[in-house]
Amino acid sequence: MQRPVVLIAGGSRGIGAATAGLAGQRGYDVAISYMSNAAAANAVVATIEAQGRRAVAIKADVAREDDIERMFDAATAALGPITGFVHSAGVVGRNSKLDAASAATIREVLDVNLFGAIIGARAAVRRMSTAHGGAGGAIVLLSSIAAVAGAANEYVFYAAAKGGVDAFAYGLAREVAKEGIRVNAIRPGTTDTEIHEPGRLARVLPTLPMGRPGQPNEIAEAILFLLSDAASYVSGSVLNVAGAR
């Protein structure tokens, strides 16, 4: 029997790595993409293989259409048809007010967080949709609580990209609802990962209602729920996992 296969874009560190490890524990074969840190990606693969599951790491730039298509093809060739896609790749750029942000920083943030999510989801739909001969599946996109908070004085361009992810998730879910695909997004709050500039977590800690940041495994649990059959009637939802923010 074919095991479920999840492809996690940006699965070598942080929330993506936690999701990959948990997916392996829950019976998935797992493909992850990474941009530059092959050692971290290989460590995630080793963890999943130690659980008795198959795993593969694929070097890919999720801001590039050709890399995204190659990533999907490589994952399918290694593990079989993809049943779940998670877009976890993300960058925030240098923290600054908008008037101090470079066009290059803004472009990179939009390309990785929004363009990558859209093109990645398109690749998933083309392979999973029953209208394309697929067997259906689930897509989970990583948004951010910044999409509703705005991230003023830090990275409003990142907030804008994640707001786009929210809108995209709502629309795509309706578009493919009769094609066997569920689409949801998650808005993590401040989470203890390497995405933050040095010192940022300590600086924002007093503003967090629970008095602590989230942990990657706490976000991963929500992602695995949305991928699972337990969420079979959940689509077009954006779930806050943000510690009351």
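Only the coordinates and a few stated rules stand behind these numbers; no lab work does. None of the values given here were measured: they were computed from a predicted structure. With ideal geometry, Cβ positions are generated from the backbone for all residues, glycine too; neighbour counts draw on all protein chains shown.
The slack between Gln215 and Glu49, meaning 0.36 nm per residue of separation minus the straight C-alpha distance, is 57.4 nm.
I'd like the distance separating the alpha-carbon centroids of the stretch 91-149 and the stretch 37-75, in whole Å. Computed from Cα coordinates, the inter-centre distance equals 18 Å. Farthest toward the positive end of the dipole of the stretch 5-241, out of Leu79, Ile8, Gly211, is the Cα of Gly211, where the dipole comes from beta carbon charges about the Cα centre.
In a DSSP loop and with at most 11 other Cβ atoms within 10 Å, the GluC sites (Glu not before Pro) in the stretch 154-245 are Glu194. Between Ala100 and Arg200, full extension at 0.36 nm per residue minus the direct alpha carbon distance yields a gain of 34.2 nm.
Per residue of the chain, the DSSP helices (runs of n ≥ 4 H) give a summed -39500 (n - 2.57) that works out to -12500 deg cm²/dmol at 222 nm. Rounded to the nearest 20 debye, the dipole size of the stretch 5-241 about its Cα centre is 200 debye, using +1 on the Cβ of Lys and Arg and -1 on the Cβ of Asp and Glu. Placing unit charges on each Cβ (+1 for Lys and Arg, -1 for Asp and Glu) gives the chain a dipole about its Cα centre, and among Asn240, Ala38, Ala152 the Cα reaching farthest toward its positive end belongs to Asn240.
Shown here: Cα extents along the principal axes in Å, derived from the displayed model; of the candidates (i) 47, 42, 36; (ii) 60, 38, 35; (iii) 51, 38, 34, it corresponds to (iii).
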